[in-house]
1. Among the listed residues 204, 181, identify the single one that is loosely packed, with under 15 Cβ neighbours inside 10 Å, part of a helix (DSSP H, G or I) and assigned by TED's automatic domain parsing to the domain that holds residue 76.
2. Filter segment 142-167 down to residues that are within 21 Å of residue 95 (Cα to Cα), in a helix (DSSP H, G or I) and of a type in the set (A, V, I, L, M), then give me how many there are.
3. Give the number of residues within segment 184-195 that are outside any helix (DSSP H, G or I), surrounded by 15 or more Cβ atoms within 10 Å (Cβ to Cβ) and out of contact with any His (no Cβ under 7 Å at 6 or more places or on another chain).
4. Would you please name the residue that is surrounded by the most Cβ atoms within 10 Å (Cβ to Cβ), looking only at residues in segment 31-67 that are small (Gly, Ala, Ser) and at pLDDT 85 or above?
5. Checking the condition surrounded by 15 or more Cβ atoms within 10 Å (Cβ to Cβ) and touching a helix residue (DSSP H, G or I) at 6+ places or on another chain (Cβ under 8 Å), which residue from 76, 90 passes?
6. Please enumerate the residues belonging to segment 137-173 that are farther than 18 Å from residue 190 by Cβ and either touching a His at 6+ places or on another chain (Cβ under 9 Å) or charged (D, E, K, R) (or both).
7. Restricting to segment 69-102, and then to whatever is polar (S, T, N, Q) and without any contact (Cβ under 8 Å) to a residue 12 or more places away in the chain, can you tell me which residue is nearest to residue 116 (Cα to Cα)?
8. I need a count of the residues in segment 121-141 that are in a loop (DSSP other than H, G, I, E, B) and either in the same structural domain as residue 58 (by TED's automatic domain parsing) or among the charged types (D, E, K, R) (or both).
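The values are calculated or read from the model by the stated rules, or taken from the named source; none is laboratory data. Remember, it's a predicted structure, so these values are computed and weren't measured experimentally. When we count neighbours, we look across all protein chains shown, and the Cβ atoms used for this are built from the backbone with ideal geometry, even at glycine.
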Amino acid sequence: MLIHPTIERMHQLGLTGMADAFTELQDNPQAAELSREDWLGLLLDREHTVRDDKRLARRLRTARLRQAATVEDVDLRAPRGLDRSLFRKLVTCRWIHEPHHLIIIGPTGIGKSWLACALGHKACREGLSVLYKRSGRLFAELAMARGDGQLPRLMRTLERVRLLILDDWGLEPLTAEQRHDLLEIVDDRHDRGAMIITSQVPVDRWHDVVGDPTLADAILDRIVHNAYRLELSGDSLRKRHKPEAVT
């Protein structure tokens, strides 16, 4: 059997995982003891793994997570009031499918962004689309998109993603334009997509952040009453961890 043309054809067909596995099996003396069915199974398993890895890499690139965080690296023993039972439930990602939202509240440095990105990473591993946005930057992008005539396109992008992470919410009161943009984003995602919102501001002060009582009621009714909460407290973890791990 001509080996090189077969491997070349696999590459031409985009079967790089199978090609690599085929080469490894050819160089492994013990592979001669395997049946044709075993060979085929090993080739298919490798191709499946390679494609899964590529899809995950694409989802992570698109997500643009701020932190290289994973749920396995979350320190459940850190003294910050993290509800371990709820966190383990969130790791399953079932809440994203339902969908529900997640609100993470706590002082600066307690690890809100880290937890949000870790859950976002887990969602990517589960095959779900994720998009991370810092609150201030998102509103700036929306304003720019409005000026460029690209606002509908950006809104469609935000609507289609399965998990939208809105980080550092509530640092400044919203303008009238920002209030309407946020209402549209939240309304588009109602019963169709999940959100993670991190904030230093307690939920009972979010009405003040939104500003307009009527719009505040409309926005928060779609978020707060359909959300799990992680309320963190304690000293900044930056004193004991690397800065990129606890923002």
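1. On the way: 181 fails: loosely packed, with under 15 Cβ neighbours inside 10 Å.
That would be 204, the only listed residue that is loosely packed, with under 15 Cβ neighbours inside 10 Å, part of a helix (DSSP H, G or I) and assigned by TED's automatic domain parsing to the domain that holds residue 76.
2. 1
3. In the first step, residues of segment 184-195 are kept if they are outside any helix (DSSP H, G or I); the result is 190-195.
Of the ones still in play, those that are also surrounded by 15 or more Cβ atoms within 10 Å (Cβ to Cβ) are 193-195.
From the residues that got through so far, the ones that are out of contact with any His (no Cβ under 7 Å at 6 or more places or on another chain) too are 193.
Of the residues in segment 184-195, 1 are outside any helix (DSSP H, G or I), surrounded by 15 or more Cβ atoms within 10 Å (Cβ to Cβ) and out of contact with any His (no Cβ under 7 Å at 6 or more places or on another chain).
4. Step one: list which residues in segment 31-67 are small (Gly, Ala, Ser), which gives 31-32, 35, 41, 57, 63.
From what is left, the residues that are at pLDDT 85 or above are 57, 63.
Working: 57: 11, 63: 21.
Going through the qualifying residues, I end up with 63.
5. Working: 76 fails: surrounded by 15 or more Cβ atoms within 10 Å (Cβ to Cβ).
So the residue among 76, 90 that is surrounded by 15 or more Cβ atoms within 10 Å (Cβ to Cβ) and touching a helix residue (DSSP H, G or I) at 6+ places or on another chain (Cβ under 8 Å) is 90.
6. Within segment 137-173, 137, 141, 146, 148, 153, 167, 168, 172 meet the criteria.
7. Of the residues in segment 69-102, the ones polar (S, T, N, Q) are 70, 85, 92.
Next, only the ones that are without any contact (Cβ under 8 Å) to a residue 12 or more places away in the chain stay: 85, 92.
Working: 85: 16, 92: 14 Å.
Among them, the one singled out is 92.
8. Looking only at that region, the number is 1.
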